[in-house]
Each structure stands twice: as C-alpha cells, then as structure tokens.
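Peer 1: Take this structure first; my questions come after.
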Amino acid sequence: MTILVTGATGTVGRNVVEQLVSRGADVRALVRDPAKAGFTAGVDVVQGDLLDVDSVRAAMAGVSTLFLLNGVVADEYTQALVALNVAREAGIERIVYLSVIHSDLYVNVPHFAGKFGVERMIERMGMGATILRPAYFMDNELTIKDVVTGYGIYPMPIGARGLAMIDARDVGEIAALALIRRERSATPLPLDRINLVGPDTLTGAGAAAVWSEVLGRTIAYPGDDTAAFEQNLRQFMPGWMAFDMRLMAERFLSDGMLPEPGDADRLTAMLGRPLRSYRDYVRQIAG
C-alpha cells in the first residue's frame with residue numbers, strides 16, 4: 001500500500017519522505033514541479049496542485065495513507081478541505097495532518113485559524129487521523145542568520161513567554177512514525193493529537209544568549225516591535241502574509257508557545273532518542 005505525501009519538496013515534507021523511505025514504506029510524493037523533487041530512487045513522484053481536483057484524485061488513486069501538509073498561502077484552508085474531501089471520496093481512512101500548536105488559542109491569526117478549521121472538519125466527519133501540532137520551527141532561524149551575524153541582533157519578536165522550538169527533522173521523523181503506525185494497523189485508528197515541541201523553551205533574550213555563546217560575541221535582543229517586524233517582512237512577502245506573521249508574533253508576546261506537561265517526554269519515547277536542542281541547531285547553521 002502507498003503513503004501519499006503532500007508538500008513533499010518543503011523542509012518538513014522532504015524529511016517525511018526520507019524518513020518513510022528509510023523505513024521501507026511505499027511513498028508517493030505530490031509536487032508542483034517534478035524537476036525540483038530530487039528524491040531517492042523508489043519514490044513515486046506525481047505532478048499536481050491541491051486546487052486541481054483532477055490531479056488530486058489521480059494522486060490519491062491506490063493510496064492507503066495520507067500525509068497532509070499545506071503551505072501558508074492565501075487559499076490554504078480551501079486546499080486542505082479539497083484534499084480531505086477527495087481522500088474521503090477515495091476511501092482513505094488513515095491520515096496524518098500537520099496543524100500547529102495552539103491553533104485553538106491563536107484564534108485571530110489567519111493560518112492558525114485555518115488549521116483549526118481543518119482539525120474541526122477531521123473530527124466532525126469522523127476521519128481517522130493523527131493531528132500533529134508543531135511549535136515554532138528552529139529552521140526559521142535560517143532566514144535571520146545573516147541579520148544575527150551581520151548586525152549583532154536577534155530580530156524575531158518572540159517575547160518573554162517562550163517558544164518550545166522544534167527541529168524540522170524531528171517533526172519529519174515523528175510524522176513518519178505516525179504514518180507508518182496508521183499504515184500498518186489492521187484497522188483504522190481513532191483520532192489523536194500530538195504537540196510537537198523541542199526540549200527548550202526560548203525567549204527572545206534567551207535565543208540571543210544562545211547565539212552570543214555560539215558566536216563568541218554579544219548578540220542583542222532589541223525588543224518586541226511587531227509593527228517594525230511587519231514592515232520588514234513586507235520587503236519580501238505579500239502584505240497579507242506579513243500581517244499574518246505580525247499577528248502571530250503578537251500572540252507569541254501574549255501567550256507564547258508553551259508545551260503541556262509530558263509533551264517532550266512523549267516525543268522522546270517515540271523517537272527513542274533526545275529531541276534536538278536549539279543550541280545544537282544554532283551551532284550547526286552558524287558554522
């Protein structure tokens with residue numbers, strides 16, 4: 001039987017594909033541009049778009065398990081609902097959906113609210129699924145590395161409540177384990193939700209301190225100016241997305257992204273190893 005991975009060429013999706021292949025799974029990857037796939041031999045690459053119903057139907061033919069990952073785009077919610085309805089039509093009863101932690105709390109943040117709407121559809125329609133709720137990805141730090149090293153500041157307004165940052169490689173491996181568990185079950189498994197968190201909860205000042213330690217010089221945290229953050233983002237992304245990111249940052253300041261008791265222990269048990277730390281990740285990208 002076949003596991004279909006959407007969003008397969010992104011940071012998380014590519015990790016999911018690699019982890020599934022390494023465990024002997026039969027993998028199909030849905031991509032917009034097959035020339036950019038570059039997967040290992042044996043991955044069935046199919047071209048399609050989640051708004052192209054015919055291509056989604058073709059991609060899901062013969063599929064037993066679905067990994068649904070939607071990018072942060074203006075029509076993310078519609079893409080997810082199309083995919084889930086086609087999966088239901090195709091008789092796919094094993095699903096792993098990549099949502100986001102606190103999707104039910106960050107109610108005014110568009111891409112969080114959209115993901116929570118997808119979670120509600122999965123639950124209300126009785127679809128067997130594991131809903132993965134990752135916290136902030138450490139991999140986002142790649143986008144600010146040059147600012148940190150070049151200007152000596154940590155520019156993300158993440159505040160003082162703290163974010164339980166997680167490495168995308170851990171997300172990919174946990175997703176693969178959840179997919180294989182569902183794929184190999186004799187009967188469809190009931191709905192469950194898993195918070196995906198890292199071993200450390202980082203504040204803005206704390207993240208700057210880690211960078212200072214790794215680089216051997218002081219990195220400052222200039223504060224929590226979300227308006228300036230939005231304006232900086234508008235230089236390289238659409239205005240609606242920059243505003244979405246600002247709203248998210250404001251919830252970082254007010255609520256944080258905090259794990260629930262036992263979250264990290266559960267993930268460590270699933271992986272059979274410690275979660276990757278923020279300090280190790282910074283060392284990796286700073287080198």
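Every number in this text was worked out from the coordinates using simple rules, so none of it is lab data. Note that the structure is a prediction, hence the values are computed from the model and not measured. When we count neighbours, we look across all protein chains shown, and the Cβ atoms used for this are built from the backbone with ideal geometry, even at glycine.
Peer 1: Give me Met138, Met270 sorted ascending by neighbouring Cβ count inside 10 Å, so fewest comes first.
Peer 2: Met270, Met138
Peer 1: Output the 0 to 90 degree angle, nearest 10, between the alpha-carbon long axis of helix 239-255 and the longest principal axis computed from the alpha carbons of the chain.
Peer 2: Taking Cα atoms only, the helix is inclined about 70 degrees.
Peer 1: Under the 0.36 nm per residue contour assumption, what length would be gained going from the current alpha-carbon distance of Ala205 and Arg57 to full extension?
Peer 2: 48.5 nm
Peer 1: Might you report the magnitude of the Cβ-based charge dipole of region 53-179 about its Cα centre, with Lys and Arg at +1 and Asp and Glu at -1, to the nearest 20 debye?
Peer 2: For region 53-179, the charge dipole is close to 220 debye.
Peer 1: Determine the dipole magnitude for region 1-111: charges of +1 sit on the beta-carbon of Lys and Arg, -1 on that of Asp and Glu, nothing else is charged, the reference point is the Cα centre, and the result goes in debye to the nearest 20. Please list the in-between numbers first.
Peer 2: On the way: 8 positive and 12 negative charges, 55 e Å.
Approximately 260 debye in magnitude.
Peer 1: If each residue of separation counts as 0.36 nm, what is the full-extension length gain between Asp104 and Ala41 once their alpha-carbon separation is subtracted? List each step's numbers first, then the result.
Peer 2: Details: separation 63, 0.36 × 63 = 22.68 nm, distance 3.95 nm.
Residue separation times 0.36 nm, minus the Cα-Cα distance, leaves 18.7 nm.
Peer 1: In nm, to one decimal, how far is the modelled label at Arg23 from the one at Arg181, with both set 7 Å along Cα→Cβ?
Peer 2: 0.9 nm
Peer 1: Continuing with this model, one more query. By counting other Cβ atoms within 10 Å of each Cβ, how are Arg14, Arg283 ranked from fewest to most? Before the final figure, lay out the partial values.
Peer 2: Details: Arg14 19, Arg283 14.
Result, fewest neighbours first: Arg283, Arg14.
Peer 1: State the answer as a single residue: which of Leu51, Gln79, Ser103 lies farthest towards the positive end of the charge dipole of region 31-155, with beta carbon charges of +1 for Lys and Arg and -1 for Asp and Glu, about the Cα centre.
Peer 2: Ser103
Peer 1: Quick one: if the Förster radius is 35 Å, what FRET efficiency do Arg124 and Met1 give, using the C-beta to C-beta distance and rounding to 0.05? If you can, show how the numbers build up before the last one.
Peer 2: Working: r = 26 Å, r/R0 = 0.76.
Efficiency at R0 = 35 Å is approximately 0.85.
Peer 1: Suppose a student asked you for the relative contact order of region 164-287, using Cα pairs under 8 Å spaced at least 6 residues apart; what percent would you report?
Peer 2: Values: 99 pairs, mean separation 51.1, N = 124.
Once normalised by length, the contact order is 41 percent.
Peer 1: In a shell of Cβ-Cβ distance under 9 Å around Arg279, excluding Arg279 itself, what net charge do Lys and Arg (+1) and Asp and Glu (-1) give?
Peer 2: -2
Peer 1: If I build a Gaussian network model for the chain, linking alpha-carbon pairs within less than 10 angstrom, which residue out of Gly262, Gly223, Gly91 has the largest mean-square fluctuation?
Peer 2: Between Gly262, Gly223, Gly91, it is Gly262 that shows the largest mean-square fluctuation.
Peer 1: Choose one answer from Ala80, Ala58, Ala129: the residue with the largest mean-square fluctuation in a GNM of the chain with alpha-carbon springs under 10 Å.
Peer 2: The residue that fluctuates most here is Ala58.
Peer 1: With the contact rule set at Cα under 8 Å and sequence spacing of 6 or more, what percent relative contact order holds for region 45-98? Display every interim value, and only then the final one.
Peer 2: On the way: 56 pairs, mean separation 23.9, N = 54.
Value for region 45-98: 44 percent.
Peer 1: To continue, here is another question. For Cα pairs less than 8 Å apart in space and 6+ apart in sequence, what is the mean separation divided by the residue count of region 33-180, i.e. the relative contact order in percent?
Peer 2: 19 percent
Peer 1: How much of the DSSP bridge set in region 24-146 is antiparallel, in percent, rounded to the nearest 5?
Peer 2: If I count the DSSP bridges inside region 24-146, around 0 percent turn out antiparallel.
Peer 1: Given 10 Å bins starting at zero, what is the percent of C-alpha pairs of the chain in each, up to the one with the largest pair distance?
Peer 2: Taking every Cα pair in the chain, the percentages come to 6, 28, 35, 23, 7, 1.
Peer 1: Can you grab the distance from the C-alpha centre of region 95-110 to the C-alpha centre of region 4-51, Å, no decimals?
Peer 2: With region 95-110 and region 4-51 each reduced to a Cα centre, they are spaced 23 Å.
Peer 1: Note down the magnitude of the dipole of the chain about its Cα centre, charges +1 on Lys and Arg C-beta and -1 on Asp and Glu C-beta and zero elsewhere, to the nearest 20 debye. Show your work: numbers first, answer last.
Peer 2: Working: 28 positive and 34 negative charges, 91 e Å.
That gives the chain a dipole magnitude of about 440 debye.
Peer 1: If each residue's Cβ is checked for other Cβ atoms within 10 Å, how do Lys145, Lys115 rank with the fewest at the top?
Peer 2: Lys145, Lys115
Peer 1: As an exercise, use a Förster radius of 30 Å and the Cβ-Cβ distance of Tyr151 and Asp255 to find the FRET efficiency, rounded to the nearest 0.05. If you can, show how the numbers build up before the last one.
Peer 2: On the way: r = 28 Å, r/R0 = 0.94.
The value I calculate is 0.60.
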